[in-house]
Amino acid sequence: MSDKSTRMILDALSKAVSEPAGFALFATKGEPGLFPANTTARFAADQAKNAGWLQVISEDTRGKQPVEICTITPAGREYLVAQSNPTQLLEDCVRVLELKSEELANIQGTLQHLETAISSLKLLVTDCISQLATDRKIAVPSRPTQVVDQAAKPMEALPGFVMNQLKQWAMGDRTSPDYPLPQLYQAVTTQQHISIGAYHDLLRGMHQQAQIYLHPWTGPLYTLPEPQFALLVGHEVAYYASQRN
């Protein structure tokens, strides 16, 4: 193996160590790679693969020609350490670590920014839904004269009741298998009167425990017929529920 091929292979192995997810075997216009795209480098790349120092893990077929994505193997890591100057290799590793740390800090900053933006948008959606209900002067259903036997109908019984309601709804002759949340609320309050907030907490808990599905309203928010019953789940405004099969 020529000194030039050896140097190319060691450089490629050094790059591969820093990218465990894989690196393109050859560089293209605007895209980095483990080896430059020339005849000498192709010979060196074949040597590295045949020796078991690099392995192909996938192919990117989006371009005109398939691009091999490679990672370093344990044998390749051993060869890199054995053939390199330990001091120089250590300095290279420290330099790459510093770059990766900067990338991580930038990503964390972006994620924090996105989290703040999402929280702000969630609050805005909730306020808009409340305002829609206020503008339409929609009263929250209440049963002030109803006497509820809390001991006979505890909150713990409501999940089972909701599951049964969803099952019966799905078995009925209806245009949609998804139960609108306003109608489901009316059914729940025949068993026990709870606030809409408590009703939403009940549904969120059942959704998180994978007992039910909560489906989003797909039309414009201003067309919600009874917006006070909608609830925010993740990034969506849920307005329907269904049983999990």
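Applying the criterion of being in contact (Cβ under 8 Å) with a residue 24 or more places away in the chain and of a type in the set (Ser, Thr, Tyr) to the residues of region 1-51, the residue that is most open to solvent (accessible area, probe 1.4 Å) is 28.
Among the criteria (1) within 24 Å of residue 100 (Cα to Cα); (2) under 31 Å from the mean Cα position of the chain (by Cα); (3) open to solvent by 60 Å² or more (accessible area, probe 1.4 Å); (4) not acidic (Asp, Glu), the one residue 72 does not fulfil is (3). Return yes or no: is residue 194 free of Cβ contacts under 8 Å to residues at least 40 places away in the same chain, open to solvent by less than 30 Å² (accessible area, probe 1.4 Å) and touching a helix residue (DSSP H, G or I) at 6+ places or on another chain (Cβ under 8 Å)? The answer is yes for residue 194.
Summed over region 197-245, the residues that are open to solvent by 70 Å² or more (accessible area, probe 1.4 Å), in contact with a strand residue (DSSP E or B) (Cβ under 6 Å, 6 or more places away or on another chain) and of a type in the set (Phe, Trp, Tyr) give a count of 1. For region 52-68, the set of residues classified as part of a loop (DSSP other than H, G, I, E, B) and either open to solvent by 80 Å² or more (accessible area, probe 1.4 Å) or within 22 Å of residue 92 (Cβ to Cβ) (or both) consists of 53, 61, 62, 64, 65, listed by residue number.
The values are calculated or read from the model by the stated rules, or taken from the named source; none is laboratory data. Note that the structure is a prediction, hence the values are computed from the model and not measured. Here the Cβ is made from the backbone with ideal geometry for all residues, glycine too, and neighbour counts use every protein chain on show. Heavy atoms of the whole protein, side chains included, go into the accessibility calculation; ligands, DNA and RNA do not. Shrake-Rupley method; radii C 1.70, N 1.55, O 1.52, S 1.80 Å.
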